[in-house]
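Take a look at the structure set out below.
The values are calculated or read from the model by the stated rules, or taken from the named source; none is laboratory data. As the structure is a prediction and not an experimental result, all values here were calculated from the model. Here the Cβ positions follow ideal geometry from the backbone for every residue, glycine too, while neighbour counts run over all protein chains shown.
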Amino acid sequence: MMRLLSATPSPYARKVRIALAEKGLAFDLVTEVPWNADTTTPLYNPLEKLPVLILEDGETVYESRFILEWLEVKHPEPPLLPADPDQRLAARRLEVLVDGMLDAFLLHFWERRRPEACRSAPWLARQMRKIEGGMRELDRLVPATGFCVGDRFGLGDIVVGTVLGYLRVRFPEYRWDDAYPKLAGVLERLSERDSFRATVPEPQQLEAASI
Ligand SMILES: N[C@@H](CCC(=O)N[C@@H](CS)C(=O)NCC(=O)O)C(=O)O
């Protein structure tokens with residue numbers, strides 16, 4: 001059976017877990033803390049990041065965006081990318097935007113963990129600007145009702161739901177619901193799905209040495 005190397009708070013891993021669940025693919029979930037010394041992540045990905053999909057023959061697929069592409073090619077049913085070329089591009093555009101927002105979140109998260117005297121206010125502000133810019137753009141791009149792209153669940157919903165869910169759990173002090181009621185509605189609708197319910201992000205315990 002395939003194995004997925006994952007971390008409970010990781011939004012990148014969550015995208016893949018949702019896609020696997022929506023495609024009905026069986027896999028063993030291996031939960032690790034990629035920052036801790038005992039992680040096996042470097043054995044499977046030279047870039048030392050998870051998620052990593054470990055195939056039955058021991059080959060590995062890493063980088064969440066590429067894992068999603070791999071799944072779509074190898075397990076096309078049900079499709080998570082629309083058949084219509086413009087809708088396909090619209091879903092990819094949301095994916096690019098969300099991946100950039102997640103990267104900014106991670107940088108912001110780690111900067112906030114630094115001792116106060118070492119923290120860079122301009123760096124935090126820079127990442128926050130990207131997050132807020134991303135929220136404005138998401139709000140512009142997603143429709144008020146239904147799915148994020150087209151008339152069926154797909155990649156657009158996975159990425160938008162993942163970034164909004166991550167914000168809720170990991171960044172509760174950032175209050176965005178009132179400014180973006182449309183996005184709050186998207187998250188509420190998506191949170192009803194089994195694949196989202198089963199993968200709600202949870203913080204992990206980090207070793208002091210990893211910080
Ligand atoms: N672009 C990568 C980002 C993955 C990533 O940053 N994963 C984090 C966990 S949320 C990680 O494993 N970090 C360990 C490290 O950067 O050394 C992807 O989409 O898979």
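Figures for the structure shown
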{"read-out": "In segment 70-100, residue nearest to Gly156 (Cα to Cα) [restricted to those that are of a type in the set (Asp, Glu) and surrounded by 15 or more Cβ atoms within 10 Å (Cβ to Cβ)]", "value": "Glu95"}
{"read-out": "Residue in segment 137-145 that is under 30 Å from Pro76 (Cβ atoms), β-branched (Val, Ile, Thr) and touching a helix residue (DSSP H, G or I) at 6+ places or on another chain (Cβ under 7 Å) present", "value": "yes"}
{"read-out": "Pair list, Cβ under 6 Å, 6 or more apart: segment 62-73 residue free of Cβ contacts under 8 Å to residues at least 40 places away in the same chain, other residue β-branched (Val, Ile, Thr) and in a strand (DSSP E or B)", "value": "Tyr62/Val52; Trp70/Val61"}
{"read-out": "Segment 24-52 residues that are in contact (Cβ under 8 Å) with a residue 60 or more places away in the chain, paired with ones that are among the hydroxyl-bearing types (Ser, Thr, Tyr) and more than 12 Å from the ligand (Cβ to nearest atom) (beta carbon under 8 Å, 6 or more apart)", "value": "none"}
{"read-out": "Residue in segment 31-50 that is farthest from the ligand (Cβ to nearest atom), counting only those that are touching a strand residue (DSSP E or B) at 6+ places or on another chain (Cβ under 8 Å) and farther than 17 Å from Leu206 by Cα", "value": "Tyr44"}
{"read-out": "The one condition in (1) assigned to a helix (DSSP H, G or I); (2) in contact with a helix residue (DSSP H, G or I) (Cβ under 8 Å, 6 or more places away or on another chain); (3) among the aliphatic types (A, V, I, L, M) that Ala179 fails to fulfil", "value": "(1)"}
{"read-out": "Given (1) surrounded by 15 or more Cβ atoms within 10 Å (Cβ to Cβ); (2) closer than 24 Å to Glu188 by Cα; (3) free of Cβ contacts under 8 Å to residues at least 12 places away in the same chain, index of the condition Ile131 fails", "value": "(3)"}
{"read-out": "Subset of segment 15-30 [of a type outside the set (Val, Ile, Thr) and more than 9 Å from the ligand (Cβ to nearest atom)]", "value": "Arg17, Ala19, Leu20, Ala21, Glu22, Lys23, Gly24, Leu25, Ala26, Phe27, Asp28, Leu29"}
{"read-out": "Close pairs from segment 102-127: first over 13 Å from Arg170 (Cβ atoms) and modelled with pLDDT of 95 or more, partner within 12 Å of the ligand (Cβ to nearest atom) and not hydrophobic (A, V, I, L, M, F, W, C), Cβ under 9 Å, at least 6 apart", "value": "Gln127/Asp103"}
{"read-out": "Matching residues in segment 1-18 - criterion: being over 13 Å from Val33 (Cα atoms) and under 11 Å from the mean Cα position of the chain (by Cα)", "value": "Pro11, Tyr12, Arg14, Lys15, Val16, Arg17, Ile18"}
